[in-house]
1. Restricting to lysines 8 or more places apart or on different chains, can you count the pairs in chain A with Cα atoms under 27 Å from each other?
2. Measuring from the lowest to the highest alpha carbon on each principal axis, how far does segment B:74-116 reach, largest first, in angstroms?
3. Would you mind putting B:147-154, B:32-39 in packing order, based on average other-beta-carbon counts within 10 Å, highest first?
4. In segment A:309-337, which residues give up 20 Å² or more of accessible area once the other protein chains are added, compared with their chain alone (1.4 Å probe)?
5. Rounded if a/c is under 1.5, else prolate if a/b beats b/c, else oblate: with a ≥ b ≥ c from the C-alpha gyration tensor eigenvalues square-rooted, which is chain B?
6. For segment A:235-394, with all protein chains present and a 1.4 Å probe, just round the carbon and sulfur fraction of the accessible area to a whole percent.
7. Per the helix-only calculation at 222 nm, which mean residue ellipticity applies to chain B, given -39500 (n - 2.57) for every DSSP H run of n ≥ 4 and division by its residues, nearest 500 deg cm²/dmol?
8. If a/c stays under 1.5 just call it rounded; otherwise compare a/b with b/c (prolate if a/b is bigger, oblate if not). Do that for segment A:280-371, with a ≥ b ≥ c from the square roots of the Cα gyration tensor eigenvalues.
Amino acid sequence: MRTGEAFRVALDALRANRLRSGLTMLGVVIGVAAVVLLVAIGSGAKQEVEQQVEGLGSNIIFVVPGKFEFGSAPTVSRLTLDDVDLLGRVVGDPGRVAVSVASGETVSVGPREMFATVNGVNANVPNVFDRRVARGSYITPTDVDTRRRVVVLGSSVARTIFGDIDPLGRQVSVAGVRFRVIGVFQPQGSTFGVDRDAEVHIPVTAAQRLFGVERIDALAVKAPTVDDIAPLQGRLVSALQDKYPDEEFSAVTQTQILGTIGRILGLLTLVLTAIAAISLLVGGVGVSNIMLVSVRERTREIGLRKALGARQRDILLQFLIEAVLLCVAGGLIGIGLGVGASLAVNAVSPLPAVIAWWSPALAFAVSAAVGIFFGVAPARRAGRLDPVVALRTE
Amino acid sequence: MTAEVVGGARRELAVEARDVVRRYQLDGVSVEALRGVTLRIEQGAYAAIVGPSGSGKSTLMHLLGCLDRPTSGTLLLGGRNVADLSDAELAELRNRTIGFVFQSFQLLTRTSALENVALPLVYRGVRRAERRDRAAAALEAVGLGKRMGHRPGQLSGGEQQRVAIARALVGEPTVLLADEPTGNLDTRSGAEVIALLGRLNSERGVAVVVVTHDLDVADQARRRIHVRDGLVERDTGALGPGVDPR
Ligand SMILES: Nc1ncnc2c1ncn2[C@@H]1O[C@H](COP(=O)(O)OP(=O)(O)OP(=O)(O)O)[C@@H](O)[C@H]1O
Ligand SMILES: [Mg+2]
């Protein structure tokens, strides 16, 4: 029998048993689609966070109290504004040190209000981080020194409480205290559904009075070049430890943060991969089951074909082609479905989904291997039976 | 090639069974369906196998058709020992030399009558168009020219039986083994099938072995083989050449 003929025999057999063929394909479809989607979500999350950390700007060293470790409890900060000057001297350029003291507060204009992160900062933030003001201007050193009540609004805060009105020069209430709007940030978008523009900046001095604190939460230093990062880290920490001998401080870079986040996301990806593997397994078991049943059910057919002159290899070829056709069709549909679902997740949910090229290939290979193995091995066994013996099987 | 002298002429042996035993193992109990059958069917012969139900007729037919293996004993087809043949040689034999009509038809249920009949030609590498033509002709020959597109489920028992006969004929075998081919037919279509078998035998020289309970069929055959309890009880062929068994 020619291969083309075997193809037609296989196709005829598949068409003659539409339900069974459909069910077998469904197993492959579900397995492949699940893997594609779950892997897409895992890699999407990872990529999103990485982009965001990298998007903070380059060569940034974060100085925080306590140890920087995944799982360690946050330490109450004893850092004060004097330390900004101290670190400025260590770096040799006070303009490279940014500061933050943050709290969640209500920002309102008349009846319109919004809960936002209120960040007390100094004038160096746009320099250290890549934060751009879309309209107006940023906080100046004079604003900080004179504890002026001025505010730069995140884009969604501006939209929520001002609507279409130009907020520049207008008054807003931050935690019940009136501030004047001097700028509006460029929008940054959201991450995992969390709005990154629900934020306002005020001078750090004004923030300390507003929150009733003396401390600052964190410092960020922009190193002049990549090579300066490592030596600076050490000098920053030792300068602070000279001043506060009983305290611990950490100076971490984006790379180190990425490493820590990477570990958290690695866990997430592991869980997703495990789920994907399970669904692939379930899909594979489904495929193998139907393949086994279908070959069993068709032992009589195999016997008859042999009685009419089919060789063992004709039988094998037919079942191999059937299995391959089912797996290829199911795999392609599964990939289509998985990619479609990933795009849909991307579009309608806060979860980002990035399709990794290897996931459809892997899922496809695994389910095809399962389908072919479980389709062909029993067909091979049945093909060895004497025709009458095969014909007698129920 | 094994040959023997029959009626003065050298006639080739189509099938030969030598002391064939077929034992079935069922739940530890062994059933001897054939207990040592020796039989020679010459080319162009017309033999009827008769005997009570359960006597081993179908078992014997399956062995003669190379669809089963004897527990012991030897089967020769065209002089060659079946046990020595490879899978491909056996397949070729079943495909070209033997036409088999099963007692229970054995049609593919989800496939049309025409495609069922064409199936042996598929394994012979005959092109699709020619297959259809030949299968259609075979169906015409059994009087089913108007039922080609029907599936077995849409055919009566007698019609299914005729599809099975057409399938056995389509490959133009030299040995036709038919296990109760008229069992499900009324007298008239039964007679047609018998006439068809007779023509195949007399015009084309096909060796026909037919299991039957039908005395008309048995009468038409030149030779009658009586089987009982797994043994050949009486064989009119053994009476010798030139002797009319009737
Ligand atoms: N697969 C099998 N397993 C066990 N025993 C079997 C098997 N096939 C046949 N037999 C037994 O072998 C004996 C002969 O069976 P066979 O089918 O050859 O009879 P038969 O002469 O064709 O009968 P019928 O006229 O009813 O078709 C019977 O006793 C039957 O029960
Ligand atoms: Mg029988």
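The values are calculated or read from the model by the stated rules, or taken from the named source; none is laboratory data. Since this is a predicted model, take the numbers as computed values, not measurements. FYI the Cβ positions are ideal-geometry reconstructions off the backbone, even for glycines, and counts take in every protein chain you see. Note: areas computed on protein heavy atoms with side chains; ligands, DNA, RNA excluded. Shrake-Rupley method; radii C 1.70, N 1.55, O 1.52, S 1.80 Å.
1. Working: A:Lys46/A:Lys67; A:Lys46/A:Lys222; A:Lys67/A:Lys222; A:Lys67/A:Lys243; A:Lys222/A:Lys243.
For chain A, qualifying lysine pairs total 5.
2. Principal-axis extents of the Cα atoms in segment B:74-116, largest first: 36, 21, 13 Å.
3. Numbers: B:147-154: 15.6, B:32-39: 19.2.
With the highest mean Cβ count within 10 Å placed first, the list reads B:32-39, B:147-154.
4. Checking the loss per residue gives A:Gly309, A:Ala310, A:Arg311, A:Gln312.
5. Details: a/c = 1.44, a/b = 1.37, b/c = 1.05.
It is rounded, given that a/c, with a ≥ b ≥ c, falls under 1.5.
6. On the way: 5390 of 7610 Å².
Carbon and sulfur atoms account for 71 percent of the accessible area of segment A:235-394.
7. Values: 7 runs with 76 residues, N = 246.
Mean residue ellipticity at 222 nm (helix-derived): -9500 deg cm²/dmol.
8. On the way: a/c = 3.83, a/b = 3.13, b/c = 1.22.
Judged from the Cα gyration tensor, segment A:280-371 comes out prolate (a/c at least 1.5, a/b above b/c).
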